[in-house]
Amino acid sequence: MQPLEAGEPHTIGAYRLLGRLGAGGMGRVYLGRSAGGRTVAVKVVHPHFALDEQFRARFRREVESARRIGAQWTAPVLDADPDAPVPWVATGYVAGPPLSQAITEHGPLPEHAVRTLGAGLAEALAVVHGQGIVHRDVKPSNVLLALDGPRLIDFGIARALGAAVSLTSSGVSVGSPGYMAPEQIRGRDVSG
């Protein structure tokens, strides 16, 4: 965790921010605390995205998708304001590193850990798909290693199966190229 920098907010919604957990192309994630003392992760989008209605629709979908999955396989959504001047979402804090960080710092996982992780991710994806959602960006940085099993995060490009409206153009691939299914790279349906 990094300390808050000058110009960064000290509160978002009802949450007091304690430090910055990370940052990416879409925004920043802060460690926060509720008035009742619960530790949370608060994702705040970059202000320039707040002006983009398509982005707001996608962000709203991310929040709705994560709420539908439940806490066993994701960081549970506790609060959100996709209509705020700068949209944000607060989730339960998952104490555990991303899979990508664990591999970078400690090397390949032992075989038994890979089997356990694979089984947990398969179960998580079955629940996600059972709710009619395709994540579309499963990759090591979107898998948190909690003590009781993996957690999928970042539903920012998830799509509801059978959704009549797509937020991406036909024939356009969305996701992280190194982790995409061949049909996803080709811009084809990935609901299969």
- Query: How many residues does the stretch 28-57 hold that are among the basic types (Lys, Arg) and either free of Cβ contacts under 8 Å to residues at least 12 places away in the same chain or surrounded by fewer than 19 Cβ atoms within 10 Å (Cβ to Cβ) (or both)?
  - Reply: 3
- What residue, among those in the stretch 17-27 that are modelled with pLDDT of 95 or more and either of a type in the set (A, V, I, L, M) or crowded, with 16+ Cβ neighbours inside 10 Å (or both), is nearest to the chain's Cα centre (by Cα)? ARG20
- Can you run down the residue pairs with Cβ atoms below 8 Å, 6 or more apart or on separate chains, where the first is in the stretch 3-15 and within 20 Å of VAL77 (Cα to Cα) and the partner is basic (Lys, Arg) and modelled with pLDDT of 95 or more? TYR15/ARG33
- Note on the structure: Filtering the stretch 98-133 for residues that are within 14 Å of THR74 (Cα to Cα) and outside any helix (DSSP H, G or I) leaves a count of 3
- Query: Within the stretch 64-97, can you find the residues that are in a loop (DSSP other than H, G, I, E, B) and acidic (Asp, Glu)?
  - Reply: ASP83
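The values are calculated or read from the model by the stated rules, or taken from the named source; none is laboratory data. Since the structure is predicted, the reported quantities are computational estimates derived from the model, not experimental observations. Counting neighbours? That spans all protein chains shown, and the Cβs are built from the backbone with ideal geometry, glycine included.
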